[in-house]
Amino acid sequence: MHTNFTPEEQNFEQEVQAFFKDKYPNDIKRKQDHAVPLMKEDFIRWQKVLFAQGWAAINWPVEYGGTGWSTVQKYIFANEMAKANAPAIVPFGLGMVGPVIYTYGNEEQKQRFLPDIAASNVWWCQGYSEPGSGSDLASLKTRADRDGNEYILNGTKTWTTLGQMADWIFCLVRTSSDVARKQEGISFILVDMKTPGVSVRPIITIEGDHEVNEVHFEDVRVPLNNLIGEEGKGWTYGKVLLQHERTSIAGVARSEYRLNRLKDKIKNANMTQPSLQNDSNFLRKIAALEIELKALEYTELRTLAAVSVGKAPGPESSLLKIRGTEIQQCLDELFMEAAGYFSLPYVPNQYSLESKEINHVGFGSDSVSSLQYFNNRKASIYGGSNEIQKNIIAKHVLGL
Amino acid sequence: MDFSITEEQSALKDVISRFIDNEYDFERRMKIADGDDAFNREVWNFFVEQGFTAIPFSEQDGGLDGGNIEIMLIMKEIGRGLVLEPFLENIVLAGGILKRLGTVEQKERWLSEIINGEIQATVAFTEPQSRFNLNDIATTAKKQNNQFILNGKKSFVLNGADADLIIIPARTSGSQSDTHGITLFGISKLNDGVIFNTYKTVDGHSATEISITNLEIAADCVIGNVDEGYECLEETIDEATLAICAEAIGIMRSLHDKTVEYSKNRVQFGIPIGGFQALQHRMVDNLMACEQSESLLLWAIMTDPKNKRKSKKAISGLKYQIGTAGKHVGQEAVQLHGGMGISWELDIAHLFKRLSALEILFGNADFHLQRFINLSES
């Protein structure tokens, strides 16, 4: 029983560290370190750097341009990425639709879509939730009716993250209502956002940002060969995707990075109000969080160890999602608490595009802490709310 | 990275697990707890015969060269079975002191006899005023010619009534809370000048208040160097803390499993109560508390013991978790069992009581959270 890396794994770790040191663009790093929101161009440029290195499609098999890494290698990479505070890979293409296409798509679809996803040439977004279908996702109503060799889509998708930047959207849509269970009759269809009848309406969230959208489909004509896999089997494909999503949104390594920054902040007189340094109540909250996070790190390692000997990431990924997001939100609270009054200035545009100057009020990124706190209330809601995760564990692990 | 255990470790786990299942059922356990003796000698002999008592000692000392993983496997089962026999007191506590500091002569005289089951032993690690501070020692040992004269009080001495050997930390110099100036003495309970007050504890175990007046101790009963006993005491208590955390996890898992099982069978409003979402989510919380605790146990076990600050810190992190998550799981198990959960006749109540005792033993959650902070890099 041990958590040591093999010599090969240690070499790999050094290689990854060197990569982040040399290839991670300084201007993007500066924005990240000062909590300045990234532009589409920043994300794409960074992902193209990863692609050039062959490290963009982390979970993909080698034959589709993936890394073919072991679970331990993936773990090392995620850790180093968090330590470098590099932007997370935008998940919709590389993390979500890519795996569905190479697993369930036909040869033509693989050749048509996968290379552009791997190279970040095409920006994808996710069309799952609807105004009337949140936790009860299978109740979705967006319809795709066959007409010759096309589907005609009608309906509304919502909470579409970064949909305003997207070229394509992958959707769960209803192709049949004549079914015994509502999970049947759902299909997985890819739609070009430029198709006539697709419109995107921004939703401004609690912190004042435009991150999510409503996407409307009005008589949108989509070729039949944009259907992935079999018609009516989309629910199965979509669920596989969600399990990938849940493991990755635990964000253990990133939370560790943030915890260390919070501790730095407390120690460093230039980064915080002096009275915080001796606030034993606050120090105890940090310590309790550190313990919970350490536990989750080992829970994740145990899951990885099981996966690396061939077990599928099952319902346990729900556990990681619940605790992982709880910890993230607790960190958000602590950063805001640490900022005190300086958490309250509402200065949405801290970054000047012309001068490239960053205008925060207070110490460090204090004035962004509340925006992060408000924004990240989403973490326990998205990817299947934490209550839905508990339903999954109750059913599939406890057998209730 | 590897979380698997070896074949030998797996075999060890099977032996004790089978013993709990087949020979140490709840009924027998309660008979032992209700009896006049603190524990059952036959059961202890079985532990000796199976070699459990030899596990954490070097071959040179007559042991089996086992480590924390083996102790963890045994203690989890001890937890699950609510075992009353003094493995912790003899092997982890007294054995822990002796394996670290005992001379060859002392090991022959005491450690070999502990391993063979010939004598019972313990460590008197706390005093009426000390709470969880191991260094708060008011018991004095004054050197006089070739011996020491001991005076003071020791509290909550586990296995105290049966112990043939009691290891007593006493102050030979310095003030009451100094870590320097603490010396470890091995004394026999038959000595004059020692008054015992033994009582049962809420978890079915027993403990003793010891009062020492002008007790004369020969110099060869000093374990380790005079004034330098603290480090060994702290390390031993840390190892014991790790052990009881494993015991607590054994209990937590048992409580969780029994609660889920109960919820599938208990019918109210026409359906098993496990069908109610309000209860399902609480049982999921219990499962997560168990898994997170297990993870911290593995962290603490795999932390390099040579890095003392880190390994102490890991143990305090774990004990904090057991103090909080354990309390949660225990209270929830009782609540979800309804009135049955507070019935003496059901094991749930007794698992909960032992878990509650373990939360306090060697420092509660608050104490260990503060120690965790103090051990953080500044």
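What the table below lists for this structure:
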{"quantity": "Search result, residues across the stretch A:361-400 that are more than 12 Å from every other protein chain (Cβ to nearest Cβ), of a type in the set (A, V, I, L, M) and buried (at least 19 other Cβ atoms within 10 Å of the Cβ)", "calculated": "A:V368, A:L371, A:A379"}
{"quantity": "Leading residue by the ranking (surrounded by the fewest Cβ atoms within 10 Å (Cβ to Cβ)) among those in the stretch B:99-154 that are of a type in the set (K, R) and either not assigned by TED's automatic domain parsing to the domain that holds B:I187 or not in a strand (DSSP E or B) (or both)", "calculated": "B:R131"}
{"quantity": "Test: residue in the stretch B:264-272 that is buried (at least 18 other Cβ atoms within 10 Å of the Cβ) and either of a type outside the set (A, V, I, L, M, F, W, C) or in a loop (DSSP other than H, G, I, E, B) (or both)", "calculated": "no"}
{"quantity": "Where B:N225 falls short, out of the listed (1) outside any loop (DSSP other than H, G, I, E, B); (2) of a type outside the set (A, V, I, L, M, F, W, C); (3) at pLDDT 95 or above", "calculated": "(1)"}
{"quantity": "Residue that is within 14 Å of chain A (Cβ to nearest Cβ), modelled with pLDDT under 95 and more than 30 Å from B:T198 (Cβ to Cβ), where the choices are B:D304, B:D285, B:D257", "calculated": "B:D304"}
{"quantity": "Looking only at the stretch B:288-300, and only at residues there that are at the interface with another protein chain (Cβ under 7 Å from one of its Cβ atoms) and over 15 Å from B:F372 (Cβ atoms), the one that is nearest to the chain's Cα centre (by Cα)", "calculated": "B:L298"}
{"quantity": "Residue within the stretch B:29-52 that is of a type outside the set (A, V, I, L, M, F, W, C), outside the structural domain of B:E345 (by TED's automatic domain parsing), over 19 Å from the mean Cα position of the chain (by Cα) and closer than 30 Å to A:E9 by Cβ present", "calculated": "no"}
{"quantity": "Within the stretch A:287-400, helices (runs of 4 or more DSSP H) holding 3 or more residues that are under 26 Å from A:G208 (Cα atoms)", "calculated": "A:316-339, A:366-375"}
{"quantity": "Among the candidates B:T241, B:T259, residue that is under 23 Å from B:F132 (Cα atoms) and in contact with a helix residue (DSSP H, G or I) (Cβ under 9 Å, 6 or more places away or on another chain)", "calculated": "B:T241"}
{"quantity": "Filter result (surrounded by 15 or more Cβ atoms within 10 Å (Cβ to Cβ) and not charged (D, E, K, R)) within the stretch A:204-222", "calculated": "A:T205, A:V212, A:N213, A:V215, A:H216, A:F217, A:V220, A:V222"}
{"quantity": "Residue in the stretch B:29-50 that is touching a helix residue (DSSP H, G or I) at 6+ places or on another chain (Cβ under 6 Å) and closer than 27 Å to B:I187 by Cα present", "calculated": "yes"}
{"quantity": "Search result, residues across the stretch A:267-284 that are crowded, with 18+ Cβ neighbours inside 10 Å and within 14 Å of another protein chain (Cβ to nearest Cβ)", "calculated": "A:L283"}
{"quantity": "Residue list for the stretch B:307-326, restricted to those being more than 13 Å from chain A (Cβ to nearest Cβ) and surrounded by fewer than 18 Cβ atoms within 10 Å (Cβ to Cβ)", "calculated": "B:N307, B:K308, B:R309"}
{"quantity": "Residues (surrounded by fewer than 16 Cβ atoms within 10 Å (Cβ to Cβ) and on the phi < 0 side of the Ramachandran plot) located in the stretch B:332-352", "calculated": "B:Q335, B:G339, B:M340, B:I342, B:S343, B:W344, B:E345"}
{"quantity": "Any hit, the stretch B:297-313, residues being of a type in the set (V, I, T), touching a Lys or Arg at 6+ places or on another chain (Cβ under 9 Å) and assigned to a helix (DSSP H, G or I)", "calculated": "no"}
{"quantity": "The stretch A:273-301 residues that are touching a residue at least 24 places away in the same chain (Cβ under 8 Å), paired with ones that are surrounded by 19 or more Cβ atoms within 10 Å (Cβ to Cβ) and of a type in the set (D, E, K, R) (beta carbon under 6 Å, 6 or more apart)", "calculated": "A:L296/A:R323; A:T299/B:E291"}
{"quantity": "Subset tally (residues that are more than 9 Å from chain A (Cβ to nearest Cβ), surrounded by fewer than 18 Cβ atoms within 10 Å (Cβ to Cβ) and not aliphatic (A, V, I, L, M)) for the stretch B:357-376", "calculated": "1"}
{"quantity": "Unique residue being within 14 Å of another protein chain (Cβ to nearest Cβ) and polar (S, T, N, Q) when the list is A:N26, A:N4, A:N59", "calculated": "A:N4"}
{"quantity": "Filtered residue count, the stretch A:300-350, keeping only those that are within 13 Å of chain B (Cβ to nearest Cβ) and not hydrophobic (A, V, I, L, M, F, W, C)", "calculated": "14"}
{"quantity": "Residue in the stretch B:13-35 that is within 14 Å of another protein chain (Cβ to nearest Cβ) and either on the phi < 0 side of the Ramachandran plot or among the β-branched types (V, I, T) (or both) present", "calculated": "yes"}
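The values are calculated or read from the model by the stated rules, or taken from the named source; none is laboratory data. Source: prediction; values computed, not measured. All Cβ positions, even for glycine, are placed from backbone atoms using ideal geometry, and neighbour counts span all protein chains on display.
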